[in-house]
1. Sort out which residues of the stretch 51-99 are acidic (Asp, Glu), at pLDDT 90 or above and not in a strand (DSSP E or B), and write them in order of number.
2. Only one of these conditions is not met by Phe32: (1) over 18 Å from Leu107 (Cβ atoms); (2) in contact with a strand residue (DSSP E or B) (Cβ under 8 Å, 6 or more places away or on another chain); (3) not in a strand (DSSP E or B); (4) not charged (D, E, K, R). Which number is it?
Amino acid sequence: MKYLIMMHVDPTVLEQLTDEQQAAIGSGHAAFMKTTKDSGEFVSTNALADPSQSKVVRSKNGSPDVTDGPFVEAKEFMGGYYLIDVENESRAVELAKMIPDASIDGLALEIRPVMFFDGADM
């Protein structure tokens, strides 16, 4: 079953990290990707740009209207995700705990089952 692990980012938390902590995050993500690729559980990952670079499309009087910026104001935003294909939810949780963000106060990971998937054959 596929699960999306969404990385919720709080920029104020990241700004307070030391250079060593930031480096550990990078190497921790690399280790996570290697582990899930080696096990065949990795599907894909993407890091997202800052929400200030977003466009929002929503209906206004029944027609699509485009505005700048995020949908809602929040201090946290989705910074990226991993898409994994695992046997069950317990394994998804086990893997998410390996992501360095899980050990940093103020950051969060959301694990959500994928209900529909239509992508390239992997």
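1. Going through the stretch 51-99, the residues acidic (Asp, Glu) turn out to be 65, 68, 73, 76, 85, 87, 89, 94.
Of the ones still in play, those that are also at pLDDT 90 or above are 85, 87, 89, 94.
Glu87, Glu89, Glu94 - these are the residues of the stretch 51-99 that are acidic (Asp, Glu), at pLDDT 90 or above and not in a strand (DSSP E or B).
2. Of (1) over 18 Å from Leu107 (Cβ atoms); (2) in contact with a strand residue (DSSP E or B) (Cβ under 8 Å, 6 or more places away or on another chain); (3) not in a strand (DSSP E or B); (4) not charged (D, E, K, R), only one is false for Phe32: (1).
Each row is one residue, and each column tells you yes or no for (1) closer than 14 Å to Asp101 by Cβ; (2) exposed (fewer than 11 other Cβ atoms within 10 Å of the Cβ); (3) under 18 Å from the mean Cα position of the chain (by Cα).
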{"position": "Tyr3", "(1), (2), (3)": "no, no, yes"}
{"position": "Val13", "(1), (2), (3)": "yes, no, yes"}
{"position": "Met33", "(1), (2), (3)": "yes, no, yes"}
{"position": "Ala49", "(1), (2), (3)": "no, yes, yes"}
{"position": "Ser52", "(1), (2), (3)": "no, yes, yes"}
{"position": "Lys55", "(1), (2), (3)": "no, yes, no"}
{"position": "Gly62", "(1), (2), (3)": "no, yes, no"}
{"position": "Asp85", "(1), (2), (3)": "no, no, yes"}
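The values are calculated or read from the model by the stated rules, or taken from the named source; none is laboratory data. Fair warning: this is a prediction, and the values are worked out from it, not measured in the lab. Virtual Cβ from ideal backbone geometry, glycine too; neighbours counted across all protein chains shown.
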